[in-house]
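A.B. asks: Pasting in a structure now, in structure tokens, and then I'll have a few things to ask.
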Amino acid sequence: MRIKYILAALILGMIVFSSVQTVSAEKLVIDPVGRRVQVPDRPARIIALAANITEIIFALEQQHRLVGATRYSNYPAEAQRLPKVGTYVRLDLERIVALRPDLCIGVKDGNPIVIVRRIMELGIPFFAIDPLNIDDVVETVQAIGDLLDAGEKTTTLVNQMQNRIHRIRNLVSTSKSRPSVFLQIGVSPLVSVGSNTLAGELITLAGGRNVVEGNNRYPVFSKEQIIGLAPEVFIITTMAREKVFDNIRQEWQEWQQIPAVRHQRMYLVNSDLTDRASPRLLEGLECLTAAIHPELLDMKSLNCQ
Amino acid sequence: MPDGSYSSRTAGYEVLELSVTTFNTHVMIKRISIISTILSVVLLLTMILGVSVGSSDRDLLRVVNAIIHPELDPVLSAIILKIRFPRVLLAVIAGSVLSLGGVVFQSILRNPLAEPYILGISGGAAIGAIIGIIMGLSRFPGVGFTAFAGSILSLVLILYLSTGHSLFQKDRLLLSGVMVNAFCSAVIMFLVSITRDARLHNIIFWLMGDFSAINTLQASILLLVLIPCFIVIFMLSHTLNLLSMGKESAQSSGVRTRMIIVIQLVLSSFMVSLVVGYCGLLGFVGLVVPHLMRTRLGPDHRVLVPACILGGGAYMVFCDILARTLPEQGEMPTGVVTALIGAPLFIYFLKRSDS
């Protein structure tokens, strides 16, 4: 009799235990920012709160788990069809919640902290990334790959990225020259990048010397200052296309004192390749290398615009 | 003389006010209750409309259903209760406070165009709030306190600039306000450009008026702090009647003018700075609502104060609904809507007070 009870209790306990297991199939992970986050074992409804996160998830071939992305998530083309939840600096909390995500992946530097707090208050796990340099980008891809259990694909992608960085490092080390570079983001005003930005780091890796010094991440320049800095290479990263770029190139033609203008070393690079912390950053690195050292890499062989 | 042109307008009010204040209290209480009831219903209806409009779902029936049976659609009811409701509540609070601020400043400074935003009180509060955010203080009470300090500085500066030989010269008041405001915007842009603080990245959105970053608990605490302020100002509303007729006539009626003026101005600045700390700069609300109420309900502040609290809340919810629904994608800052409505009205009132 007693055995029957014990058996019944055991079975009951096992049922309860197993149901608890399936309900709360969660894991505790530590995100790249160092926060402990309780996430579902297999997150199935993910919202990417920045365009680079969308790109990473697509690169890891985990896009079937995405249920939402930010407005300017334009790559790959398929990402544009995802429901939009505002821009990454102005998130639409209501749309996020309405998509019933089981995980949000966001950026520490950019997503407004007040909205992030509210997302967490509403019980949605928030995994934060904060890639500040190219090595961080590789680590971030690894972290998201692990988070999503992307397995083989993560290893392949990470190795690929590391190989491409090595290749450029080796290429650049064969050249002794370090041309001075002015990198302008956007068409106007004349905003450049400090060395402590992704694009700033790319210039150095690509074998150039950023004419911008100091701690300001996005300093604004006047034409006069640029003439004084006399860069040998002038790179404009923008989403504007060839025609706009031609106008800008035309505008600079009267300043033949600038070596970059005199030697026709003005280049256009798609800004998404240089400011998004995604695997495409390597394309940006290759494009900058081709612009700064055309003898090492041919820009025409790359898709930089 | 520009001074005279304003007083000729207020002279019309004075006669009315005297006649209103001679009403017996019983009639008065009845009038206040009727108007408050009507406006409460209006406010409630706007709030219901406010919670039923959003970026994910705009069906009023489904919303009502989700409120009555939250278990049927837990996501929608969470959106309504935890996202839309605190947002609407904050809009109501902001609208009430800014309208009330408008009424108080207009009557004490005896200038129909005075308003917390135009006078630069909001701007001062915004500087204080930004400094508080940079210092890493919490929104409440930390940022609220620095915002209050900023608004008081603005207030003192404006009073100092605009008091000359006669108390509160009207054009000088507005001009000083505009200047303090311009200076405040410059300081704000200065702070934003020198800091590399990531928390300030979104400051432009917050500055233009934003209700989305608050939860129900925070909104309730804010309301609990503000209700006593509303009550004090309502209790003092008869003195606003006397003050709007001039300091002398108020004094002759036995009002301790200086004390009352200080209490009202400081209390209004306090409320405005709390609102600025949470939702940024929302201009001209304190101009539009009191004017609307005054033309409909007359100049008696015992009616105007509750009417502005309730009507201001409804007006702001309405502006926020527009801000959420007008853009095809995303939403625009509510401050854009209040300024688009308010600035032309300000010019209209200015023109009218000239002629």
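A.B. asks: By how many nm would the segment from residue A:155 to residue A:122 lengthen if fully extended, with 0.36 nm per residue of separation less the alpha-carbon distance?
C.D. replies: 8.5 nm
A.B. asks: Now, a different point. Helix A:242-252 versus the longest principal axis of chain A: what angle, 0 to 90°, nearest 10, using Cα atoms?
C.D. replies: With rounding to tens, the tilt is 40 degrees.
A.B. asks: Also: Comparing A:162, A:250, A:63, which has the greatest mean-square fluctuation in the GNM of chain A with Cα pairs linked when under 10 Å apart?
C.D. replies: Sorting by GNM fluctuation, first place goes to A:250.
A.B. asks: Show me you know the interface measure: the accessible area buried between B and A, both chains summed, probe 1.4 Å, in Å² to the nearest 100.
C.D. replies: 2100
A.B. asks: Right, something else. If you keep only loop residues by DSSP, which trypsin sites (Lys or Arg not before Pro) in segment A:207-305 have at most 11 other Cβ atoms within 10 Å of their Cβ?
C.D. replies: Passing both the DSSP loop test and the Cβ count: A:241.
A.B. asks: Please calculate how many Å² of accessible area chain B carries per residue, with a 1.4 Å probe and no DNA, RNA or ligand atoms counted.
C.D. replies: Values: 15340 Å² over 355 residues.
Counting only protein heavy atoms, the per-residue value for chain B is 43 Å².
A.B. asks: Rounded, prolate or oblate for segment A:246-296? Axes are the square roots of the Cα gyration tensor eigenvalues, ordered a ≥ b ≥ c, and the cut-off for rounded is a/c under 1.5.
C.D. replies: Since a/c reaches 1.5 but b/c is at least a/b, the shape of segment A:246-296 is classed as oblate.
A.B. asks: Peptide B:328-336: average number of partner chain Cβ atoms within 10 Å per residue?
C.D. replies: 2
A.B. asks: Describe numerically, in nm with one decimal, the distance between label points set 7 Å from Cα along Cα→Cβ at residue A:113 and at residue B:329.
C.D. replies: 2.9
A.B. asks: Same structure again: Averaged across A:99-110, how many Cβ atoms of other chains sit within 10 Å of each residue's Cβ atom?
C.D. replies: 1
A.B. asks: Between helix B:144-162 and chain B, what is the angle of the helix's C-alpha long axis to the longest principal axis, kept within 0 to 90° and rounded to the nearest 10?
C.D. replies: Helix B:144-162 sits roughly 30 degrees off the main axis of chain B.
A.B. asks: Taking the Cα centre of segment B:57-354 as origin and charging only Cβ (+1 Lys, Arg; -1 Asp, Glu), how large is the dipole, in debye to the nearest 20?
C.D. replies: Details: 20 positive and 14 negative charges, 129 e Å.
Dipole about the Cα centre, nearest 20: 620 debye.
A.B. asks: Using a 1.4 Å probe and counting only protein heavy atoms, arrange B:349, B:205 so the residue with the most accessible area comes first. Could the numbers behind the result be given before it?
C.D. replies: Numbers: B:349 25, B:205 65 Å².
Ranked from most to least accessible, the order is B:205, B:349.
A.B. asks: When DSSP assigns beta bridges and you keep just the ones with both residues in the protein assembly as shown, what percent turn out antiparallel, to the nearest 5?
C.D. replies: In the protein assembly as shown, approximately 25 percent of DSSP beta bridges are antiparallel ones.
A.B. asks: Given a Förster radius of 22 Å and the C-beta distance between residue B:258 and residue B:343 as r, what FRET efficiency does 1/(1 + (r/R0)^6) yield to the nearest 0.05?
C.D. replies: About 0.05, to the nearest 0.05.
A.B. asks: Which lysines, if any, have their Cα less than 27 Å from the Cα of residue A:243, not counting same-chain residues under 8 positions apart?
C.D. replies: Qualifying lysines at Cα under 27 Å: A:223, A:300.
A.B. asks: Once the Cα atoms of helix A:2-23 and of chain A are each reduced to a long axis, what angle between those two axes, in degrees from 0 to 90 to the nearest 10, is obtained?
C.D. replies: 20
A.B. asks: Under 1.5 on a/c is rounded, so check that first for the protein assembly as shown, then, if it is not, pick prolate when a/b is larger than b/c and oblate when it is not; a ≥ b ≥ c are the square roots of the alpha carbon gyration tensor eigenvalues. Mind dumping the intermediate values first?
C.D. replies: Working: a/c = 2.87, a/b = 1.45, b/c = 1.98.
In terms of gyration-tensor shape, oblate.
A.B. asks: For the pair residue B:251 and residue A:218, what calculated FRET efficiency results from E = 1/(1 + (r/R0)^6), where r is the Cβ-Cβ distance and R0 = 60 Å, to the nearest 0.05?
C.D. replies: Calculated transfer efficiency: 0.55.
A.B. asks: Compute a Gaussian network model of chain A, connecting alpha carbons closer than 10 Å, and tell me which residue from A:205, A:190, A:281 fluctuates the most.
C.D. replies: A:190
A.B. asks: Continuing with this model, one more query. Tell me which GluC sites (Glu not before Pro) from segment A:196-245 have a DSSP coil assignment and no more than 15 other beta carbons within 10 Å of their own.
C.D. replies: Here the GluC sites (Glu not before Pro) that fit, given the DSSP loop and packing criteria, are A:213.
A.B. asks: Between residue B:351 and residue B:195, what length comes free when the chain is fully extended (0.36 nm per residue of separation minus the Cα-Cα distance, one decimal in nm)?
C.D. replies: 52.1 nm
A.B. asks: Based solely on its DSSP helices, what 222 nm [θ] is calculated for chain B when runs of n ≥ 4 H residues each add -39,500 (n - 2.57) and the sum is averaged over all residues, nearest 500 deg cm²/dmol? Kindly include the intermediate steps, with their values, before the conclusion.
C.D. replies: Details: 16 runs with 264 residues, N = 355.
Taken over chain B, the calculation gives -25000 deg cm²/dmol.
A.B. asks: Ok, one more. Could you work out, residue by residue across A:87-97, how many beta carbons of other chains sit within 10 Å of that residue's beta carbon, and then give the average as an integer?
C.D. replies: Per residue, the number of nearby Cβ atoms from other chains is 6 on average.
The values are calculated or read from the model by the stated rules, or taken from the named source; none is laboratory data. All values reported here derive from a predicted model rather than from experimental measurement. No Cβ is skipped: glycine too gets one built from the backbone with ideal geometry, and neighbour counts run over all protein chains shown. What goes into the accessible areas is simple: the full protein's heavy atoms, side chains included, and nothing from ligands, DNA or RNA. Shrake-Rupley method; radii C 1.70, N 1.55, O 1.52, S 1.80 Å.
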